[in-house]
Amino acid sequence: MDDAVNKVKEAVGLPVIEERRTSSRLWFSQRELRLRYTISIDRLRRFFEGLAEGKVYATRCKHCGTLYFPPQADCPRCRRSDMEWVEVKGEGTLLTYTVIYTKPASFAHYDDYAVGVARFPPGVNVLAWLSENDPRRLRVGMKVVLRVVRRLPENYLTYQLVPVED
Ligand SMILES: [Zn+2]
């Protein structure tokens with residue numbers, strides 16, 4: 001770090017760090033923010049009822065036919081709220097995946113996990129954890145199904161991609 005910045009840093013306690021890779025000087029906020037989303041489920045209740053039944057639902061705009069997953073209660077393309085529920089089922093095709101070894105803080109208590117994106121009929125992409133975290137058993141193009149599972153230790157229902165046995 002250059003002398004001018006160092007002098008200011010010493011004099012006023014300027015919160016500056018030098019980024020190792022680029023040597024850029026970065027000011028960093030002294031407040032650590034915790035972020036927790038709250039999302040209204042009033043108009044998406046069917047999705048959660050579906051999970052309890054072992055089903056995964058997307059929404060489709062009745063006007064333009066666009067499919068949304070995760071489901072949306074409104075269609076941003078035509079600004080209407082005339083949606084229908086469509087079950088995402090059958091075999092999907094794994095489009096991509098990655099294994100997460102370095103987890104975000106809120107997921108640090110889980111074993112290493114794989115996340116993938118799969119394309120399901122009738123044409124919707126689903127981003128989800130995979131049931132398999134061994135990259136030797138995963139490949140792009142493999143068939144997967146969606147399965148509702150209970151995420152532990154939190155004990156809530158979610159969905160994951162499960163490779164279909166050959
Ligand atoms: Zn629409």
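The values are calculated or read from the model by the stated rules, or taken from the named source; none is laboratory data. Bear in mind the structure is a predicted one, so any value in this text is a computation, not a measurement. A quick note on method: Cβ atoms are made from the backbone with ideal geometry, for glycine too, and the neighbour counts reach across all protein chains shown. Please note that ligands, DNA and RNA were not included when accessible areas were found on the heavy atoms of the full protein model with its side chains. Shrake-Rupley method; radii C 1.70, N 1.55, O 1.52, S 1.80 Å.
In the chain, helical runs assigned H by DSSP with n ≥ 4 each contribute -39500 (n - 2.57); averaged across all residues and rounded to the nearest 500, the mean residue ellipticity at 222 nm is -3000 deg cm²/dmol. Applying the criteria of a DSSP loop state and at most 12 other Cβ atoms within 10 Å to the GluC sites (Glu not before Pro) of segment 106-166 yields Glu154, Glu165.
Measuring between their Cα centroids, segment 81-160 and segment 19-47 lie 22 Å from each other. Between Trp27 and Ser106, the contour length at 0.36 nm per residue exceeds the Cα-Cα span by 26.0 nm.
Between Arg147 and Glu87, the simple spin-label model (points 7 angstrom out along Cα→Cβ) gives 1.8 nm. Applying both filters, DSSP loop and at most 10 other Cβ atoms within 10 Å, to the trypsin sites (Lys or Arg not before Pro) of segment 29-94 gives Arg31, Arg34, Arg36, Arg79.
Residues of the chain were split at every exposed loop site, defined as chymotrypsin sites (Phe, Trp or Tyr not before Pro) in a DSSP loop with at most 11 other C-beta atoms within 10 angstrom, and the longest piece left, sites excluded, is 102-166.
A convex hull fitted around the alpha carbon atoms of the chain yields 194 Å³ per residue. Ranking Leu14, Leu152, Leu138 by solvent-accessible area of protein heavy atoms (1.4 Å probe, all protein chains present), from largest to smallest, gives Leu152, Leu14, Leu138. Size check on segment 2-65: the Cα extents along the three principal axes, sorted descending, read 63, 25, 23 Å. 3J(HN,Hα) along segment 69-79: 9, x, x, 10, 7, 10, 9, x, 6, 10, 6 Hz, from the Karplus curve 6.51 cos²θ - 1.76 cosθ + 1.60 with θ = phi - 60°, whole Hz, x for Gly and Pro. The angle between the Cα long axis of helix 3-12 and the main principal axis of the chain comes to about 90°, on a 0 to 90 degree scale.
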